[in-house]
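Here the structure is laid out as structure tokens; the discussion comes afterwards.
Only the coordinates and a few stated rules stand behind these numbers; no lab work does. What you see is a predicted model; the values in this text were computed from it and never measured. When we count neighbours, we look across all protein chains shown, and the Cβ atoms used for this are built from the backbone with ideal geometry, even at glycine.
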Amino acid sequence: MNLGSLVADSDGILEEYERVSSGPHDMWMDWGSDFHHGANWQILPVFASRSWVATHYSSVFEWESIMSFLADRWPKTLEVVLSNCPLDRVSLVAFSRLRGGNELKPHEHDNKGHMIFHMGVEIPEGDVGIQTSDSEGEYSIHKWKKPKDWLLFDDNMVHSAWNRTSGDRVLFYMDIISPVE
């Protein structure tokens, strides 16, 4: 897996995001994975593993249908992702939007063996950031400054995010499956 190369090749991702997000269909979904996430935090899906689809979509939809629909909209993005990350190591690829004036309170997930990759796409000027922790309980703050800034963190550890501006913060988001050691 080569995240540095993914960031270096991300111009196509950013161009495709502009095209799809400004298109005639609003494909943003509320991120409803737990009580910390609501209508002010949304995702625009690009790829989801079979297991992710099974837990987030109605059983009416088949994985192949959803992936065909998404692949038609995101060919460049999927090409960049798959040339840098093996498909069996990717659980979810999406764009993540946190509306202005919102915060995600400190929380942690039960997502063992996964790491989260964030890369800036739309970063409003002002106080926009994320606080993460590690297994020793040490906290780090990452302030989003510009597109293509990136961060990899373990969402099983306590983390929080904020957007204290009037604009939307959009990140490229990947849930990466890593071997549990």
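Structure values in brief
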| quantity | calculated |
| --- | --- |
| Shape category assigned to the range 65-181 from the gyration tensor of Cα positions, a/c cut at 1.5 | oblate |
| Percentage relative contact order, the chain, counting C-alpha pairs under 8 Å, at least six apart | 26 percent |
| Which of GLY12, SER91, SER65, positive extreme of dipole for the range 3-177 (C-beta unit charges) | GLY12 |
| Fewest-first ranking of PHE117, PHE69, PHE172, using other Cβ atoms within 10 Å as the exposure measure | PHE69, PHE117, PHE172 |
| MET29 paired with VAL158, simple spin-label distance in nm, labels 7 Å along Cα-to-beta-carbon | 3.0 nm |
| Long-range amide H partners of LYS148 with built H, under 5 Å | GLY120, VAL121 |
| Neighbour-count order for THR77, THR165, fewest beta carbons within 10 angstrom listed first | THR165, THR77 |
| Dipole moment magnitude, nearest 20 debye, the range 3-177 about Cα centre, only Lys, Arg, Asp, Glu C-beta charged | 260 debye |
| Order of ARG164, ARG97 - criterion: other Cβ atoms within 10 Å of each residue's Cβ, fewest first | ARG164, ARG97 |
| Under the Karplus curve 6.51 cos²θ - 1.76 cosθ + 1.60, θ = phi - 60°, whole-Hz ³J(HN,Hα) for the range 69-82, x wherever Gly or Pro sits | 4, 5, 4, 5, 8, 10, x, 5, 4, 5, 4, 5, 4, 6 |
| The chain, helix-only ellipticity at 222 nm - DSSP H runs n ≥ 4, -39,500 (n - 2.57), divided by all residues, nearest 500 | -7000 deg cm²/dmol |
